[in-house]
């Protein structure tokens, strides 16, 4: 035995899974998403009588992640298997860096709320008082959730080769400073979404 060729995971919605694994995480296609496969010969090949499925394979380091969606027969479960059930699986990625933003993000939300309230009259004129109250409540409650550590944001860096990302995060602050210098300290004017 030389290694692991692929891992197959059955998913509820192949298109949604492709959006996550390919579009968000950046895994490349080993093969494009297939059309629906069905026929008498498929059931015995996959061990599921009457099977109709489509699949995609994504490159993941030295192996392949195969995602399958079955149209038939219907799944015997409507929720993912608990990890103690036979056949349960999970995916664990090797990543270059993970940063957990807790109080950092609370401070970000506080700054957003302060900026929002500084333009409260403009926003109310564009939308209405109900929208202003709703958005102020959302920003304040989100800030408190991060302050109490009930919520957090993970920033995960994924690269194809180890060592591409610098060991420290100094480059992030340097890039932010460079972009601030380009903007000349000017804040863009308040605009409607989509303008």
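Read-outs: derived from the displayed coordinates by stated rules, not from any lab. Note that the structure is a prediction, hence the values are computed from the model and not measured. Cβ: placed from backbone, ideal geometry, glycine included. Neighbour counts: every protein chain shown.
Secondary-structure-derived ellipticity at 222 nm for the chain, considering helices only, amounts to -10000 deg cm²/dmol, per-run term -39500 (n - 2.57) for DSSP H runs with n ≥ 4.
Once both labels are positioned 7 Å from their Cα atoms along Cα-to-Cβ, the gap between residue 91 and residue 161 label points is 2.4 nm.
For the pair residue 19 and residue 108, a Förster radius of 30 Å applied to the C-beta separation gives a FRET efficiency near 0.70, rounded to the nearest 0.05. If both residues of a DSSP beta bridge must be in the chain, then about 80% of such bridges are antiparallel. For a paramagnetic label modelled on residue 76 (point 7 Å from Cα along Cα→Cβ), amide N atoms under 18 Å away belong, within the stretch 5-20, to 9-12.
Values (1) 67, 44, 36; (2) 79, 48, 44; (3) 95, 38, 22 are given for comparison; Cα extents along the principal axes in Å, derived from the coordinates here, is the one labelled (1). Can you give me the angle between helix 103-118 and the longest principal axis of the chain, using Cα atoms only, in degrees from 0 to 90, rounded to the nearest 10? The two axes meet at around 50 degrees.
Once the Cα atoms of helix 129-147 and of the chain are each reduced to a long axis, what angle between those two axes, in degrees from 0 to 90 to the nearest 10, is obtained? Approximately 70 degrees, to the nearest 10.
Straightening the chain between residue 126 and residue 183 buys 17.9 nm, computed as 0.36 nm per residue apart minus the Cα-Cα spacing.
Distance between the modelled labels on residue 149 and residue 32, one decimal in nanometres: 4.9 nm (7 Å Cα→Cβ projection). Rounded to the nearest 10 degrees, the inclination of helix 170-183 to the longest alpha-carbon principal axis of the chain is 50 degrees.
Below 8 Å, C-alpha to C-alpha, sequence gap of six or more: please give me the relative contact order for the chain in percent.
Numbers: 202 pairs, mean separation 34.4, N = 195.
Relative CO of the chain lands at 18 percent.
Order the peptides 64-72, 137-145 from the highest to the lowest mean number of other Cβ atoms within 10 Å of their residues.
Numbers: 64-72: 18.2, 137-145: 14.9.
Ranked by mean Cβ neighbours within 10 Å, highest first: 64-72, 137-145.
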